[in-house]
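A quick write-up on the structure given underneath.
The values are calculated or read from the model by the stated rules, or taken from the named source; none is laboratory data. Please read all numbers here as calculations on a predicted model, not as lab measurements. For neighbour counting, all protein chains shown are included, and Cβ atoms are generated from backbone atoms with ideal geometry for every residue, glycine included.
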Amino acid sequence: MISVIVNVYNCEKYIQKCLESIINQTYKDLEILIINDGSTDGTLEICQSYKDKRIKIITTANQGLSLSRNTGINNAMGEYLYFIDADDYIEPDTIDYLYDLIKKYDVEIATCGWTTVRNNKFKKNGKKKKSEIITSKDFLKKILFNMDGYVAAWNKLAKRELFEGLRFENRKQDDLLFTHKQIMRIEKMAYGNECKYYYVKHNESICAKGKDDADWNIGNYLACLERHDYIKKTYPDFPENDVGLMLRIERLYLRNNDKILAFLKKSNAFQLYKELFSLKLMKCDLGQREKIKLILFRINPSFHNFVVESYLKLSSKTKW
């Protein structure tokens, strides 16, 4: 049996599509745990309208996503656990696909590709379908280089033993503080590039609200510092770990927010960046433009910001 954990809070606009995508999975031996985190709209009533015997609803006082996820873990009975956010949805064969990868490669975690949905518009990955074994260190690189989605809890099927003694922290950066610890418990995992998860972006999501919030960004940086120190204890000679923290500092400066910049100055973030920087790091598996940005930032943060912002204006792009 596989436990699918859905954490819901005031998501009446999205929850029906999410639940329909879970109930109609081709893999049938499911436990569908709905953790109602103190919703005050019609979310609970919609969940209760489903009479599927596999559904179990647990209602708690509002405690936030992290602790709500932990409630799901603590009550899950499945041999494997899978998370899905209430405003997202999955392909009908998602669980089958991930479970087949686990069995095919004899691993404890499998992950898949995802599609970002904005305003009901999305573009599917047109790459040739493939699956492979990936070492935990190689997957850590993807997380550290901030490849969107790799750090997320929502596109992974994991054996329940990998949650023993490990829970989400009660902070907005819960995935960032959790995923690397779980990945470091294994030597290898399965990766399939087929897009089976639909990540819906909208103005009410946690990430959307936090993107331009100074406190959220500062908290994100502090979480990255913790992650850097945690990984360094196990892999002291892992240059990608340093690059990951450098990327976070560089991107925070690009926010050009007075509160963020004041915090970075007070915490000597640029001095830390200079200590981490080495031309040897440029040999790591990072895109050429990202490497150029890191070099420009080392020369002068203000000059770096000017170059990047000028490039964006000239190219009419929203992202370097």
For this session: For F168, indicate whether it is buried (at least 18 other Cβ atoms within 10 Å of the Cβ), out of contact with any helix residue (DSSP H, G or I) (no Cβ under 7 Å at 6 or more places or on another chain) and hydrophobic (A, V, I, L, M, F, W, C).
Result: no
Problem set entry | Residues located in the range 70-92, provided they are closer than 25 Å to R118 by Cβ and crowded, with 18+ Cβ neighbours inside 10 Å | Y82, F83, I84, D85, A86, D87, D88, Y89, I90, E91
For this session: Report whether or not I249 is surrounded by 13 or more Cβ atoms within 10 Å (Cβ to Cβ) and within 19 Å of R171 (Cβ to Cβ).
Result: no
Exercise. Looking at the range 1-95, what strands (runs of 3 or more DSSP E) fall wholly within it and have at least 1 residues that are small (G, A, S) and in contact (Cβ under 8 Å) with a residue 24 or more places away in the chain?
Worked result: 2-8
Exercise. Quick one: is N170 in a loop (DSSP other than H, G, I, E, B), more than 15 Å from the chain's Cα centre (by Cα), outside the structural domain of R248 (by TED's automatic domain parsing) and among the polar types (S, T, N, Q)?
Worked result: yes
Exercise. Looking at the range 40-67, which of the residues that are under 21 Å from S21 (Cα atoms) and small (G, A, S) is surrounded by the most Cβ atoms within 10 Å (Cβ to Cβ)?
Worked result: G42
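The rows are residues; the columns are (1) touching a Pro at 6+ places or on another chain (Cβ under 9 Å); (2) closer than 25 Å to F139 by Cα; (3) of a type in the set (D, E, K, R); (4) surrounded by fewer than 17 Cβ atoms within 10 Å (Cβ to Cβ).
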{"residue": "A262", "(1), (2), (3), (4)": "no, no, no, yes"}
{"residue": "Q271", "(1), (2), (3), (4)": "no, no, no, yes"}
{"residue": "S278", "(1), (2), (3), (4)": "yes, yes, no, yes"}
{"residue": "F297", "(1), (2), (3), (4)": "no, no, no, no"}
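One line per residue, one yes/no per condition, for (1) at pLDDT below 95; (2) of a type in the set (S, T, N, Q); (3) under 12 Å from Y198 (Cβ atoms):
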residue	(1), (2), (3)
I109	no, no, no
W114	yes, no, yes
V117	yes, no, yes
G126	yes, no, no
K130	yes, no, no
I133	no, no, no
I143	yes, no, no
M147	yes, no, no
A152	yes, no, no
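Looking only at residues that are of a type in the set (S, T, Y) and at pLDDT 95 or above in the range 236-290, which one is nearest to the chain's Cα centre (by Cα)?
Residues of the range 236-290 of a type in the set (S, T, Y): 253, 267, 273, 278.
Among the residues that remain, those that are also at pLDDT 95 or above are: 267, 273.
Values: S267: 26, Y273: 24 Å.
Top of the filtered list is Y273.
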